[in-house]
1. Among the listed pairs B:Lys18/B:Lys66; A:Lys120/B:Lys45; A:Lys120/B:Lys44; A:Lys66/A:Lys110; B:Lys66/B:Lys110; A:Lys118/B:Lys120, give every one whose C-alpha distance is greater than 28 Å.
2. Take every residue in peptide B:114-124, count the Cβ atoms of other chains within 10 Å of its Cβ, and give the average of those counts.
3. Which value in nm describes the separation of the simple spin-label points at B:Glu116 and B:Trp133, placed 7 Å from the Cα toward the beta carbon?
4. Only bridges with both residues in chain B count here: give the DSSP antiparallel percent, nearest 5.
5. Across the residues of B:101-109, average count of Cβ atoms on other protein chains within 10 Å?
6. Provide the packing ranking of A:99-109, B:18-28, i.e. peptides ordered by the mean count of other C-beta atoms within 10 Å per residue, highest first.
7. How much of the DSSP bridge set in the stretch B:71-138 is antiparallel, in percent, rounded to the nearest 5?
8. Can you show me the helix-derived [θ] at 222 nm for the protein assembly as shown, built from DSSP H runs with n ≥ 4 at -39,500 (n - 2.57) apiece and divided by the number of residues, rounded to the nearest 500.
2 protein chains.
Amino acid sequence: MAESILDSLRAGGKKLTKPRKAILAILEQSSLPITVAEIADQLKKARAAVDLVTVYRNVAMLQELKLVNPVGLHEGQMRYEVCHGREHHHHIQCRGCGQIVDLMLCPLKKLTELVERKTKFAIDGHVLEFFGWCPQCR
Amino acid sequence: MAESILDSLRAGGKKLTKPRKAILAILEQSSLPITVAEIADQLKKARAAVDLVTVYRNVAMLQELKLVNPVGLHEGQMRYEVCHGREHHHHIQCRGCGQIVDLMLCPLKKLTELVERKTKFAIDGHVLEFFGWCPQCR
DNA sequence: ATGATAAATGCAACTCACTTGCAACTTGGA
DNA sequence: TCCAAGTTGCAAGTGAGTTGCATTTATCAT
Ligand SMILES: [Mn+2]
Ligand SMILES: [Mn+2]
Ligand SMILES: [Zn+2]
Ligand SMILES: [Zn+2]
């Protein structure tokens with residue numbers, strides 16, 4: 001069976017503080033990538049307000065442990081989503097309303113090998129995001 | 001024959017000022033995407049110093065006219081490259097030295113159609129960038 | 001050529017995402 | 001229970017990018 005996020009944190013010598021658990025809970029509940037500011041807002045609504053800088057430090061740490069992934073959608077701020085225990089996938093975002101939809105697919109396995117052969121790079125990541133207009137904003 | 005960038009600017013009612021022409025010259029000479037700061041640096045070296053804000057305003061305008069494309073490589077700042085008259089393509093960047101290499105390919109035509117069918121979005125753009133380690137940094 | 005007008009520029013001040021320094025406060029293990 | 005390491009919050013800092021505004025410049029009609 002798979003190691004849980006809390007197990008990974010313990011394995012990484014991290015402490016399970018109250019703010020940290022609250023941040024993690026929000027990330028795990030979110031099915032789409034969210035911003036640091038949105039995490040802080042949700043914490044405030046849940047009367048568990050945590051300083052913004054603590055959210056920043058926690059998502060940075062979670063990235064280092066490869067438990068969350070950054071998703072850059074050219075909005076000025078980054079979004080983050082849990083990757084631990086979830087399928088690798090991509091997103092599409094509406095240029096009108098900003099809506100984000102998960103695309104549970106990745107066509108890049110074969111292409112990655114081709115690019116490695118061509119460039120001699122050792123590829124360890126890629127970003128693939130689509131942009132367009134959703135049915136409502138069309 | 002294709003319309004030149006200067007033609008597009010005139011068609012867009014833009015003036016051909018000295019700073020603007022200098023910025024355009026640097027963008028057109030650059031085969032890889034460059035940052036606003038790098039453009040300003042090159043201008044300074046060429047003794048044609050132009051205010052940073054003027055460079056920002058010009059790349060924004062060139063984006064609106066679809067003459068340059070933004071390339072977001074998660075470095076904190078955006079890069080821009082001329083797209084007018086050039087093939088659509090993607091990039092790979094080394095996580096060690098930051099080196100960027102053009103990948104003159106795009107595997108996304110068919111996938112775009114599939115995603116449009118699945119999501120009902122009208123897709124008008126995508127980003128695809130690879131990250132990894134170049135032979136020297138391996 | 002000249003002058004009118006609209007656009008573009010440069011400077012300074014500003015915003016916003018994100019980072020850093022540091023003292024005070026948890027956490028988890030001895 | 002005590003302690004050291006890790007974490008937190010606050011305040012201040014950084015750096016990319018934006019905005020307001022007075023001045024300058026390009027273009028075009030005369
Ligand atoms: Mn997702
Ligand atoms: Mn390129
Ligand atoms: Zn929409
Ligand atoms: Zn390298």
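Every read-out reported here was derived from the displayed coordinates using simple, explicitly stated rules and does not represent laboratory data. Quick caveat, the model's predicted, so the values are computed rather than measured. Please note: Cβ atoms are built from the backbone with ideal geometry, for glycine as well, and neighbour counts cover all protein chains shown.
1. Violating the 28 Å Cα-Cα cut-off are A:Lys120/B:Lys45; A:Lys120/B:Lys44; A:Lys118/B:Lys120.
2. 6
3. Going from the B:Glu116 label point to the B:Trp133 one covers 4.1 nm.
4. Taking every DSSP beta bridge within chain B, about 70 percent pair in antiparallel fashion.
5. Neighbouring Cβ atoms belonging to other protein chains average 3 per residue here.
6. B:18-28, A:99-109
7. Counting only bridges with both partners in the stretch B:71-138, antiparallel ones make up about 55 percent.
8. -11500 deg cm²/dmol
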